[in-house]
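Beneath this line is the structure, given in C-alpha cells, with notes to follow.
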Amino acid sequence: MSAARGEITRRIHPGSGRRRGRDQPRGRQVEPQALADVQALLGDQPRRRDLLIEFLHLLQDKYRCLHARHLTALAAEMKLALVEVYEVASFYAHFDIVMDDEEAPPPITVRVCDSLTCELFGAQDLLRDLPAKLGDGVRVMRAPCMGGCHNAPVTAIGHALHEHATVDSVAKAVAAGETHPHVPPYPDLAAYRAQGGYKLLSDCLDGMRSVEEIIKILEDANLRGLGGAGFPTGRKWRAVRAELAPRLMAVNGDEGEPGTFKDRVYLEQDPHRFLEGMLIAAWVVEAEEIYIYLRDEYPQVREALLTEIAKLEAAGLSPHTKIHLRRGAGAYICGEESAMLESIEGKRGLPRHKPPYPSQVGLFGRPTLINNIETLFWVRDIVERGPAWFGSQGRRDRKGPRSFSVSGRVKSPGVKLAPAGITVRELIDEFCGGMADGHSFKGYLPGGASGGILPASMADLPLDFGTLEQHGALIGSAAVVVLSDKDDMRLVALNLLRFFEDESCGQCTPCRVGTEKAVGLLAAPKWDAALLADIAKVMGDSSICGLGQAAMNPVKMVLKHFPKDVS
C-alpha cells in the first residue's frame with residue numbers, strides 16, 4: 001500500500017490501516033416478535049416459494065394489512081430476498097403494505113365495484129356517499145368487477161359480498177358486523193353421490209371406461225374451452241397426454257372479465273359436478289397434482305370448495321392426484337393462463353411469452369393441462385348423456401348450449417343457459433323478460449369488456465365462437481352487457497378503458513402506456529379518433545397478451561357504430 005493510500009485509509013477509519021466491516025448486516029433487520037408472529041401463522045406448513053401468496057393472505061387476514069416488519073420476517077423465514085416478497089405483495093390489489101411508521105387500515109374495508117354494470121346502477125353514488133355515512137372507522141375503496149353484475153351494484157364488506165347495495169343497506173350490514181362470507185346452500189358430497197355423482201369417475205378409475213373413449217366423446221360433442229379462448233377440449237387433453245410425464249393440471253377460476261359470473265353461479269349451485277369433471281380430466285392426462293386457482297372475490301365459493309374437497313379426499317375419490325386450492329389476490333391479468341401459472345408459483349402475475357405453450361412447459365416447468373371451471377362442469381353430462389345430446393342444443397347450425405352471463409338493462413339478468421348461435425335479441429326476449437321498463441335497446445357487449453360493443457342494429461348475429469370476429473367483436477366468455485338509450489357510449493368506453501388501465505400488469509410498454517394514454521384521450525371533450533386508432537393499432541400488434549391486444553376493442557366499436565355519442 002502506498003503512503004498516500006494508507007493515509008487516506010487512516011483518515012476514514014482512525015486507528016486502523018484496514019477497512020472495518022459493518023456493525024450490522026445490510027438491509028432491514030428481522031424483529032424477534034415479528035418473526036414469532038409469522039412462524040405462528042405459518043405453523044408446520046412447508047416454506048416453499050409457491051406458497052408465498054397464500055402466506056401473504058394469512059398475514060393480511062390476521063392484521064388487516066402487511067406490516068413491513070412482517071414482510072421482513074416472512075422473507076427471512078422463507079429464505080427469500082426481501083425484494084422478492086415486496087414485489088409480489090405490491091403487485092396484487094388485495095394486499096395493503098404498511099410501513100412501520102404508518103397506521104394500519106381501519107377495522108373494516110368496504111370495496112365498491114365500479115365496473116360497467118355496477119356503474120350503470122349507481123356505483124359512483126355509493127363511492128360518493130358511503131364515506132360520510134360509515135364514518136372514519138371504515139375504509140371505502142373502489143374495486144373492479146366482483147362477479148355480481150346480475151345483482152348490481154355490488155360491494156364487498158370485508159370478505160362478504162353485499163349485492164343490490166344501497167347506502168343504507170351497506171351501513172346496516174357494517175353495523176351488524178356482516179363481514180364474513182355467506183355460503184349459499186348447495187348439494188354436498190352425500191347429496192351429489194345420491195344422484196349418481198362420482199359413478200363416472202369410479203368407472204374411469206376402475207378401468208370400466210378407457211381414456212380414448214372419454215376423449216373421443218368430448219371431441220364428438222365439440223366441447224370447447226368456455227373461459228374465452230374456445231380451444232377444443234378433447235384435442236387439448238390429447239395433446240397434454242402426449243407430453244412426457246410428470247404432468248400437472250391447473251384450473252382457471254379467475255373469471256375477472258367485467259360482466260362475467262357464470263363460473264361463480266355453477267360453483268355455488270353444484271360444486272361437485274365441476275370437481276368430478278376435474279378429477280376425470282386429471283385421470284385422462286395422468287396429472288399428479290391439480291391446482292385450482294380461484295379469484296379472491298369469491299370467498300363464499302372458496303369456503304364451500306375447502307369443505308367439499310376435504311370430504312371427497314376422505315372418501316378416497318381422488319387417489320390418482322392431489323388437489324391444491326389456491327387463492328388469487330385481486331389481479332385480472334391472472335385470468336390469462338400463463339399469468340395464472342406465475343401466480344400459482346408464488347410470483348407476480350406476468351404473462352409469459354409463447355411458445356413454449358403451457359401444454360409443453362407449464363406449471364413448475366411441467367406439461368400442464370389448463371381448463372376453465374365451466375368446461376369441466378360439462379364433462380360428466382356429456383359423457384353420460386352422449387355427444388348427440390350436447391350437440392343438438394344449438395341454433396343456426398351451431399352446436400351445444402352456452403352459458404351467457406347477462407347483465408345491464410334487462411328485466412331478468414343472470415346466467416342463462418341458451419343454445420349456441422342464439423342472437424342477443426332472442427336472448428333478451430326469450431330468456432331475460434325483455435328490456436327493463438323505460439329502456440330502449442341501444443347496444444350490447446357480446447363478450448365482456450374486451451369483446452367490443454355492437455349496436456342494436458346488429459342484434460341478429462349468432463352468438464358463438466367464430467361468428468363475431470368479422471365484425472371486430474368476440475364472444476369470449478359470453479358475458480353479455482345490454483345497454484339502452486339511457487347510456488352514453490362515450491362514458492361506457494371510458495369505464496372499460498379505465499379498467500384495463502388499472503389491470504394492465506405493466507410488463508409491456510404498448511399496454512402499460514397505451515391504456516394510460518387512451519384514458520386521457522377518452523376523457524377529453526372531443527375524441528382524437530386518428531390518435532386513438534394509432535394507439536389501438538400499436539397495442540393490438542405488439543402487446544404480449546390478450547389484455548393489451550383487445551383493450552381498445554370498445555373504443556374502436558364506439559367510434560364505428562356510435563359516432564353521435566363522441567362527436
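The values are calculated or read from the model by the stated rules, or taken from the named source; none is laboratory data. This is a predicted model, so every value here is computed, not measured. Note that each Cβ is placed from the backbone with ideal geometry, even for glycine, and that neighbours are counted across all protein chains shown. All accessible areas refer to the heavy atoms of the entire protein, side chains included, with ligands and DNA or RNA removed. Shrake-Rupley method; radii C 1.70, N 1.55, O 1.52, S 1.80 Å.
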Self-check item: Checking Ser440 against (1) within 27 Å of Ser484 (Cα to Cα); (2) within 29 Å of the chain's Cα centre (by Cα); (3) not charged (D, E, K, R), the condition it does not meet
Solution: (2)
Self-check item: Wholly within segment 329-412, helices (runs of 4 or more DSSP H) carrying at least 1 residues that are surrounded by fewer than 24 Cβ atoms within 10 Å (Cβ to Cβ), more than 22 Å from the chain's Cα centre (by Cα) and not β-branched (Val, Ile, Thr)
Solution: 379-385, 387-391
Self-check item: Matching residues, segment 229-246, being open to solvent by 10 Å² or more (accessible area, probe 1.4 Å) and under 18 Å from Thr375 (Cβ atoms)
Solution: Ala229, Phe231, Pro232, Arg235, Lys236, Arg238, Ala239, Arg241
Quiz item: Which ones in segment 456-472 are more than 18 Å from Ser403 (Cβ to Cβ) and open to solvent by less than 10 Å² (accessible area, probe 1.4 Å)?
Solution: Ala459
Quiz item: Restricting attention to segment 230-260, which residues are modelled with pLDDT of 95 or more, under 27 Å from Tyr298 (Cα atoms) and among the acidic types (Asp, Glu)?
Solution: Asp254
Quiz item: So is Leu205 out of contact with any Cys (no Cβ under 7 Å at 6 or more places or on another chain), open to solvent by less than 50 Å² (accessible area, probe 1.4 Å), modelled with pLDDT of 95 or more and not β-branched (Val, Ile, Thr) or not?
Solution: no
Exercise. List every residue pair whose Cβ atoms sit under 8 Å apart, with the two residues 6 or more apart in sequence or on different chains, where the first one lies in segment 139-157 and is touching a residue at least 12 places away in the same chain (Cβ under 8 Å) and on the phi > 0 side of the Ramachandran plot and the second, anywhere, is among the acidic types (Asp, Glu) and part of a loop (DSSP other than H, G, I, E, B).
Key: Gly147/Glu255; Gly147/Glu297
Exercise. Please identify the pairs in which a residue from segment 177-193 that is in a loop (DSSP other than H, G, I, E, B) has its Cβ atom under 8 Å from the Cβ atom of a residue that is among the hydrophobic types (A, V, I, L, M, F, W, C) and open to solvent by 40 Å² or more (accessible area, probe 1.4 Å), counting only partners at least 6 apart or on another chain.
Key: Pro181/Leu161; His182/Leu161
Practice problem: Hey, can you tell me all the residues within segment 121-138 that are within 24 Å of Ala104 (Cβ to Cβ), without any contact (Cβ under 8 Å) to a residue 40 or more places away in the chain and among the hydrophobic types (A, V, I, L, M, F, W, C)? | Solution: Leu127, Ala132, Val138
Practice problem: Only residues in segment 531-555 that are more than 9 Å from Gly514 (Cα to Cα) and open to solvent by less than 10 Å² (accessible area, probe 1.4 Å) count as the first member; pair them with residues that are in a loop (DSSP other than H, G, I, E, B) and of a type in the set (A, V, I, L, M), Cβ under 6 angstrom, at least 6 apart or cross-chain, and list the lot. | Solution: Pro554/Ile453
Exercise. Tell me, please, whether a residue that is in contact with a Phe, Trp or Tyr (Cβ under 7 Å, 6 or more places away or on another chain) and crowded, with 20+ Cβ neighbours inside 10 Å can be found in segment 286-301.
Key: no
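Let's see how each residue does on (1) at pLDDT below 95; (2) over 34 Å from the mean Cα position of the chain (by Cα):
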| residue | (1), (2) |
| --- | --- |
| Gly6 | yes, yes |
| Gly21 | yes, yes |
| Pro32 | no, yes |
| Arg48 | no, no |
| His57 | no, no |
| Gln60 | no, no |
| Ala89 | no, no |
| Phe95 | no, no |
Practice problem: Collect the residues in segment 473-501 that are in contact with a strand residue (DSSP E or B) (Cβ under 9 Å, 6 or more places away or on another chain) and open to solvent by 30 Å² or more (accessible area, probe 1.4 Å), keeping them in residue-number order. | Solution: Asp485, Lys486
Exercise. Output yes when any residue across segment 91-103 is assigned to a strand (DSSP E or B) and open to solvent by less than 40 Å² (accessible area, probe 1.4 Å), and no when none is.
Key: yes
Quiz item: Could we say that Lys564 is closer than 26 Å to Tyr444 by Cβ, open to solvent by 50 Å² or more (accessible area, probe 1.4 Å) and without any contact (Cβ under 8 Å) to a residue 60 or more places away in the chain here?
Solution: yes
Self-check item: Filtered residue count, segment 211-228, keeping only those that are open to solvent by 20 Å² or more (accessible area, probe 1.4 Å) and more than 26 Å from the chain's Cα centre (by Cα)
Solution: 7
Self-check item: Matching residues, segment 239-277, being over 27 Å from Gly196 (Cα atoms) and more than 19 Å from the chain's Cα centre (by Cα)
Solution: Ala239, Val240, Arg241, Ala242, Glu243, Leu244, Ala245, Pro246, Arg247, Leu248
Practice problem: Restricting attention to segment 413-437, report how many residues are open to solvent by 20 Å² or more (accessible area, probe 1.4 Å) and under 23 Å from Gly148 (Cβ atoms). | Solution: 9
Quiz item: When you look at Leu80, is it free of Cβ contacts under 8 Å to residues at least 40 places away in the same chain, under 30 Å from the mean Cα position of the chain (by Cα) and crowded, with 16+ Cβ neighbours inside 10 Å, yes or no?
Solution: yes
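I'd like to verify a number: residues in segment 104-123 that are part of a loop (DSSP other than H, G, I, E, B) and aliphatic (A, V, I, L, M), how many?
Step one: list which residues in segment 104-123 are part of a loop (DSSP other than H, G, I, E, B), which gives 104-107, 114-115, 121-122.
Pick out the ones that are also aliphatic (A, V, I, L, M) and you get 104.
The qualifying residues number 1.
Of the residues in segment 155-176, how many are in a helix (DSSP H, G or I) and at pLDDT below 95?
Of the residues in that region, 0 qualify.
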Quiz prompt | Matching residues, segment 438-454, being modelled with pLDDT of 95 or more and open to solvent by 10 Å² or more (accessible area, probe 1.4 Å) | solution = Gly438, His439, Ser440, Phe441, Lys442
Exercise. Return yes when His70 is under 30 Å from Cys113 (Cα atoms), in a helix (DSSP H, G or I), at pLDDT 95 or above and not charged (D, E, K, R) and no when it is not.
Key: yes
